[in-house]
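This is the structure I want to talk about, given as structure tokens.
The values are calculated or read from the model by the stated rules, or taken from the named source; none is laboratory data. What you are looking at is a predicted structure, and each value in this text was computed from that prediction instead of being measured. Note that we place each Cβ from the backbone using ideal geometry, even for glycine, and neighbour counts take in every protein chain shown.
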Amino acid sequence: MNKGKFFTKVSRFKGVVYYESNRKRFRGRPERCFYIRYKDGKGKRIIEKIGWESEGITAAYAAQVRAERIRTLRLGDEPIPIQKKRKLSVTFEEVFEGHYLPWARQNKKSWQREEALYKCHLKPTIGNKPLREITPFVLEGVKKRMRERGLSQRTVLYALAVVRQVFNRARDWGLFEGEPPTKQVKMPRFDNRRIRFLSPEEIRVLLEACRKRSRELYEMCLLSLHCGLRAGEIFSLKWGDIDLTNGLLYVVDSKNRINRAVPMTEEVKKIFEGKVPGEPGDLVFPSRKGEERQRISRTFQRVLDELGWNEGVEDRRNRVTFHTLRHTFCALHVMAGTSLSVLAELLGHRSLEMVKRYSHLLPEARREAAKRLEEVLKTEAQQVEAEEEGAKKH
């Protein structure tokens, strides 16, 4: 039977049918919407929609609902709604593996890291617990165990953030009611901001070493150093985002969801002028399979190992990574006199908070500001003195 954009199929459970969407997909195939069929007390045929797979509905669950409906009609009583029972019994593992992870794979670039945190730290501790039993006290225990294992504050915070997101999505999908327990958990505080940036000589050495190993890696490093692009922004860069006429790179769908135009330096323009342009929708730096890259080449780490810049450096904030190149872009801009507000626009930040870390690189600007203030105060004092002298004469 055809129903608009869907097609009816019978499940292995009596009275349970589903429609497969020819538009929506879930877990790599057309998504299914489940319905149940039964007759009311007067023999009238009822077709009731139960819900979509992405909402946590399965054929077995729909069969449970049908059985409850029939029992109610026979006995005339009111059982606890099946959906209510489901909310009381669904576990963190069921929500994460059955619903959140499939959703994250389609919507988040960080899903692999979240899956790793789940497998290593969340599944062993709260995986088999129903959502209603995961209290702030339980999560404090998760924090304690992670700290005892010597994990960083950042990792603990990230794990708790994953828990919060799972609860929020479960609430959106009708699998949980109320506020997530993380709301009452004291989140770890730390200053994770990187301190290290490269000097002009180190930039020259790094680019030369990268150029010898990989022309493509050299070009990516140059883009980050000269335009401040994140690795993910370089990976997703398309030919349609490059405007050689006006010397601009358009960064769209960035980490902060802010689209921005970034001026190209002459060296960056030469990179694109020397390439054969593809179609507007083609990636500039595709992987060997023609897909969007997920991480920087291991060649970059081998270059760093050869240079020995991270040897003996324990504090991760002082270690050189690919993101250090964006940090270097910021530091050099500030030292060249670029204002923090302009720098925030170039980086795609919504506020000045993220760029205030570079304010210590503005000693000359601070001295100039103090000098201007001093001049203003001196001028005002002279005006007051002149007015007083004038008043005495009269």
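Report, by residue number, each residue of region 311-327 that is under 27 Å from the mean Cα position of the chain (by Cα) and not acidic (Asp, Glu). Working first, answer last.
Taking region 311-327 as the starting set, the residues that turn out to be under 27 Å from the mean Cα position of the chain (by Cα) are 314-327.
Within region 311-327, 316, 317, 318, 319, 320, 321, 322, 323, 324, 325, 326, 327 meet the criteria.
Specify the residue that is modelled with the highest pLDDT; the eligible residues are those in region 104-122 that are crowded, with 16+ Cβ neighbours inside 10 Å and farther than 19 Å from residue 181 by Cα. Explain how you work it out, then say what you get.
Our first condition is that a residue be crowded, with 16+ Cβ neighbours inside 10 Å; within region 104-122, this holds for 104, 111, 114-115, 117-118, 121-122.
Subsequent filtering for residues that are farther than 19 Å from residue 181 by Cα retains 104, 111, 115.
Numbers: 104: 87, 111: 86, 115: 93.
Once the filter is applied, the top-ranked residue is 115.
For residues in region 137-187 being closer than 27 Å to residue 56 by Cα, of a type in the set (Gly, Ala, Ser) and at pLDDT below 90, which is surrounded by the fewest Cβ atoms within 10 Å (Cβ to Cβ)?
Result: 178.
Conditions (1) among the aromatic types (Phe, Trp, Tyr); (2) surrounded by 12 or more Cβ atoms within 10 Å (Cβ to Cβ); (3) touching a residue at least 40 places away in the same chain (Cβ under 8 Å); (4) more than 30 Å from residue 151 (Cα to Cα), marked per residue:
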residue	(1), (2), (3), (4)
243	no, yes, no, yes
268	no, yes, yes, yes
276	no, no, no, yes
305	no, no, no, no
313	no, yes, no, no
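Test each condition in (1) surrounded by 14 or more Cβ atoms within 10 Å (Cβ to Cβ); (2) closer than 28 Å to residue 325 by Cα; (3) modelled with pLDDT of 90 or more for residue 201 and report the one that comes out false.
(1)
Right, next: Being of a type in the set (Ser, Thr, Tyr) and closer than 21 Å to residue 316 by Cα is the filter here, so list the residues in region 132-167 that pass it. Give the steps one after another, and end with the answer.
Of all residues in region 132-167, those of a type in the set (Ser, Thr, Tyr) come to 135, 152, 155, 158.
Residues satisfying the conditions are 152, 155, 158.
Follow-up. Considering only residues that are among the β-branched types (Val, Ile, Thr), crowded, with 16+ Cβ neighbours inside 10 Å and in contact with a Lys or Arg (Cβ under 7 Å, 6 or more places away or on another chain), which ones fall in region 30-75?
Step one: list which residues in region 30-75 are among the β-branched types (Val, Ile, Thr), which gives 36, 46-47, 50, 57-58, 65, 70, 72.
In the following step, the residues that additionally are crowded, with 16+ Cβ neighbours inside 10 Å were identified as 36, 50, 57-58, 65.
The one that is among the β-branched types (Val, Ile, Thr), crowded, with 16+ Cβ neighbours inside 10 Å and in contact with a Lys or Arg (Cβ under 7 Å, 6 or more places away or on another chain): 36.
Could we say that residue 261 is among the hydrophobic types (A, V, I, L, M, F, W, C) and assigned to a strand (DSSP E or B) here? Explain how you work it out, then say what you get.
Working: among the hydrophobic types (A, V, I, L, M, F, W, C): yes; assigned to a strand (DSSP E or B): yes.
Considered against the rule, which asks whether it is among the hydrophobic types (A, V, I, L, M, F, W, C) and assigned to a strand (DSSP E or B), residue 261 comes out as yes.
Something else about it: Output the number of residues of region 161-185 satisfying the condition of being assigned to a helix (DSSP H, G or I) and farther than 19 Å from residue 97 by Cβ.
Pass one, region 161-185, residues assigned to a helix (DSSP H, G or I): 161-172, 181-184.
Those left that are additionally farther than 19 Å from residue 97 by Cβ: 181-184.
Residues in region 161-185 being assigned to a helix (DSSP H, G or I) and farther than 19 Å from residue 97 by Cβ: 4 in total.
Sticking with this one: I need the full set of residues from region 314-341 which are assigned to a loop (DSSP other than H, G, I, E, B) and within 18 Å of residue 231 (Cβ to Cβ), in order please.
Step one: of region 314-341, the residues assigned to a loop (DSSP other than H, G, I, E, B) are 314-315, 319-322, 336-339.
Residues satisfying the conditions are 319, 320, 321, 322.
(1) surrounded by 12 or more Cβ atoms within 10 Å (Cβ to Cβ); (2) touching a residue at least 40 places away in the same chain (Cβ under 8 Å); (3) out of contact with any strand residue (DSSP E or B) (no Cβ under 8 Å at 6 or more places or on another chain); (4) farther than 21 Å from residue 201 by Cα: which one isn't true of residue 325, the others all being true?
(4)
Can you find a residue that is modelled with pLDDT under 80, charged (D, E, K, R) and part of a loop (DSSP other than H, G, I, E, B) anywhere in region 37-46? Working first, answer last.
Residues of region 37-46 modelled with pLDDT under 80: 41.
Remaining after also requiring charged (D, E, K, R): none.
No, region 37-46 has no match at all.
Follow-up. Report every pair of residues separated by at least 6 positions or lying on different chains whose Cβ atoms are under 7 Å apart, first residue within region 130-144 and not assigned by TED's automatic domain parsing to the domain that holds residue 119, second assigned to a helix (DSSP H, G or I) and modelled with pLDDT of 90 or more.
Cβ pairs passing all conditions: none.
Tally the residues that are in a loop (DSSP other than H, G, I, E, B), under 17 Å from residue 238 (Cβ atoms) and in contact (Cβ under 8 Å) with a residue 24 or more places away in the chain, restricting the search to region 278-303.
Of the residues in region 278-303, 10 are in a loop (DSSP other than H, G, I, E, B), under 17 Å from residue 238 (Cβ atoms) and in contact (Cβ under 8 Å) with a residue 24 or more places away in the chain.
To continue, here is another question. Run residue 272 past the list (1) in contact with a strand residue (DSSP E or B) (Cβ under 9 Å, 6 or more places away or on another chain); (2) in contact (Cβ under 8 Å) with a residue 40 or more places away in the chain; (3) aromatic (Phe, Trp, Tyr) and report the number of the one that doesn't hold.
Going through (1) in contact with a strand residue (DSSP E or B) (Cβ under 9 Å, 6 or more places away or on another chain); (2) in contact (Cβ under 8 Å) with a residue 40 or more places away in the chain; (3) aromatic (Phe, Trp, Tyr) one by one, residue 272 breaks only (2).
Yes or no, residue by residue, for (1) in contact with a helix residue (DSSP H, G or I) (Cβ under 9 Å, 6 or more places away or on another chain); (2) at positive phi:
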{"residue": "218", "(1), (2)": "yes, no"}
{"residue": "224", "(1), (2)": "yes, no"}
{"residue": "228", "(1), (2)": "yes, yes"}
{"residue": "246", "(1), (2)": "no, no"}
{"residue": "265", "(1), (2)": "yes, no"}
{"residue": "270", "(1), (2)": "no, no"}
{"residue": "274", "(1), (2)": "no, no"}
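Then there is this: Among the residues in region 207-224, are any outside any loop (DSSP other than H, G, I, E, B), assigned by TED's automatic domain parsing to the domain that holds residue 321 and under 20 Å from the mean Cα position of the chain (by Cα)?
So the first thing to find is which residues in region 207-224 are outside any loop (DSSP other than H, G, I, E, B), and the list is 207-213, 215-224.
Still in the list and also assigned by TED's automatic domain parsing to the domain that holds residue 321: 207-213, 215-224.
Okay, now just the ones that are also under 20 Å from the mean Cα position of the chain (by Cα), so 224.
Among the residues of region 207-224, at least one is outside any loop (DSSP other than H, G, I, E, B), assigned by TED's automatic domain parsing to the domain that holds residue 321 and under 20 Å from the mean Cα position of the chain (by Cα), which makes the answer yes.
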